[in-house]
Amino acid sequence: MQRNYLSYVWWFLEPVFLITAFYLVFEVMLRRGGDGFIYDLLVGVIVWSWFGSTVTQASTSILRATNLIQLIDVDKRLFPLVDVFVLSIKQLFVLILLSLFVVFSHGIDWSWMWLPYLFLVQFLLIASLSILVAAAVPFIPDLHIIIALMIRFLMFCSGVFFTADSISAEHRELFLMNPVANLIEQYRVVMLRMETPDLTALSIIAALSILLFIGVSQFMHQHSKAYPRLTMQ
Amino acid sequence: MNQGSSPLMSLQKVSVRYKKYRTLKRAQYHQVLTDLDLDIYPGDSIGVIGRNGAGKSTLLRLLAGVIDPDGGVIDRNQSTAALLTLQLGFDQQLDGRTNILLSGMLMGCRREVLEEKMADIIEFSGLGDAIREPVKHYSAGMKARLGFSIALMIDPDILLIDEVLGVGDETFREKSAAILKAKMASDHTVILVSHNTHTVRNLCNKVLWIEDGKARMAGETHQVVDHYIESMTKQELN
């Protein structure tokens, strides 16, 4: 039954391996993408992975709790929220590791003060989208496959592998309408370019996320007893 | 028993249907319970009998508040009902103590109450020092004992039991059956779903016989059970 030997140590080892692999391939072997591209790439990959892994996991959170919800009348919002909190704590460690790696090469600046705010906004966005997919998937089971596909698609249009200024000016505004792309860009602004992030954009993302969260949360509360029937086999 | 007092919970013309599948024009339903009436008075031990698929488990789900009925009314009168469940929400990686808290809280117990009862729960389980080990190292019997010890600590107004009178080894089975019997004989209110007419005869003061989602007969235990057995035998002969 033991799933792995190092358990929580993997929370540190995983990102260390990721950073090392990217460093070796892009900096030492390929020497591609110009100076410091490796850092843009790492910020992109790490910020993305928090989003992608949490929303994917949350989409099946109620399906995984099928047995439990057949037996007790429990608040169904619990299940996506557990996924969101567990993966966010894990991601906080990863972000700290990334920060150390960046500080080592770029140094640190007052702009880093915005980092907790960025983390909070991203948390709100992830929580609201996670609870949305968790609430929807039991109604339309095929949706979790569609969500997995959409997340993969979203990864390619969120600027994980390229920066916003490599996009032509006419399309950049549209590109930054994507909240994930926008957040990744803001992380790069704060951590690498040492500038103040786009506070308007961040506030809009935060406000919309909170509204979405409240709406879905209300829906799940009202339809709490529909879920055992939907997931019953 | 206690017919003078008001019921803890009462079901009036309750119906449940499950959606089987949906065609383009309309959904197809499977009717599970139809116009079921049931009054549960304090101190009742009601046995629910019937064949597989008669709707017994659905009735327990309704009472536990897991699902709402599609028709009729459930008057809960602020009383709580909970299904006796074993190993609810166990996390294999965590130790026995933590699982007592986790599982107990899922069942609706407050953390402080569980901390208070912790020593009793551990003693009843008979697990001793093993309680500090991760549950994944437990044998199936040990897990069942821990699960049962937690489940016994919950104290809803109405306890719902779905045929779990045999868990763990022989000694533990006797111990747990004795406790359950004591609970049912005292002024605890219990609903017991069972195939075993012998158990029902021993433990229940009233019986509800469900067939095809409808109440076929309800009332005094021996009368209902006798008719039930008669009907079953007839069917086997045909």
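A few remarks follow.
- Choice from B:92, B:28, B:223 with maximal GNM fluctuation in chain B (Cα, 10 Å cutoff): B:28
- Helical mean residue ellipticity (222 nm; -39500 (n - 2.57) per DSSP H run of 4+; nearest 500) of chain B: -12000 deg cm²/dmol
- Shape metrics for chain A, restricted to C-alpha atoms - Rg then Dmax, Å: 19.1, 58
- Residue order, fewest to most beta carbons within 10 Å, for A:29, B:217: A:29, B:217
- Acute angle (nearest 10 degrees) that the helix A:143-156 long axis makes with the longest principal axis of chain A, alpha-carbon atoms: 10 degrees
- Least to most buried among A:40, B:95, B:129 (fewest other Cβ within 10 Å first): B:129, B:95, A:40
- Once the mean of 1/r is taken over each pair of separate Cα atoms and inverted, the stretch B:86-153 shows a Kirkwood hydrodynamic radius of 11.4 Å.
- Relative to the longest principal axis of the Cα atoms of chain B, the long axis of helix B:96-106 lies at roughly 30 degrees.
- Across the stretch A:79-84, coupling constants 3J(HN,Hα) worked out from phi with the 6.51/-1.76/1.60 Karplus curve, θ = phi - 60°, read 5, x, 5, 4, 4, 4 Hz, and Gly and Pro carry x.
- In terms of distances greater than 31 angstrom between alpha carbons, the cross-link table entries B:181/B:214; A:225/B:13; B:56/B:136 yield B:56/B:136.
- Within 10 Å of each Cβ in B:151-163, the average number of Cβ atoms from other chains: 0
- Amide hydrogen neighbours beyond the local backbone of residue B:47, cut-off 5 Å, H modeled: B:192, B:205, B:206, B:207, B:208
- Using C-alpha pairs under 8 Å with a sequence gap of at least 6, the mean separation divided by the residue count of chain A gives a relative contact order of 31 percent.
- Spread over its residues, the convex hull of the C-alpha atoms of the protein assembly as shown is 204 Å³ per residue.
- Between the helical axis of B:111-125 and the longest alpha-carbon principal axis of chain B there is an angle of about 80 degrees.
- Cβ crowding within 10 Å, taken as a proxy for footprinting-reagent exposure, orders B:232, B:9 from fewest neighbours to most as B:232, B:9.
- Using alpha carbons only: equivalent-ellipsoid semi-axes of the stretch A:15-76, gyration tensor based, whole Å: 41, 10, 7
- Among B:202-214, A:204-216, the order from most to least packed when residues are scored by Cβ within 10 Å on average: B:202-214, A:204-216
- Shown here: chain B, whose C-alpha atoms stretch 54, 48, 42 Å along the first, second and third principal axes, sorted largest to smallest.
- C-alpha center-to-center spacing [the stretch B:45-124, the stretch A:68-147] in angstrom: 31 Å
- Net charge in the neighbourhood of residue B:100 (other residues with Cβ under 14 Å of its Cβ; Lys, Arg +1, Asp, Glu -1) is -1.
- Order by protection proxy (mean Cβ within 10 Å, highest first), peptides A:137-145, A:84-92, A:103-111: A:84-92, A:137-145, A:103-111
- Cβ-based net charge around residue A:219, under 15 Å, with every Lys or Arg adding one and every Asp or Glu removing one: +2
- Max mean-square fluctuation residue, GNM over chain B, Cα-Cα springs under 10 Å, options B:136, B:13, B:25: B:25
- Net charge, residue B:39 excluded, C-beta distance under 11 Å - Lys, Arg +1, Asp, Glu -1: -2
Since every read-out is calculated from the coordinates, none of them should be taken as a lab result. This structure is a prediction, so every number in the text was calculated from the model and none was measured. Here Cβ is always computed from backbone atoms with ideal geometry, including for glycine, and neighbour counts include all displayed protein chains.
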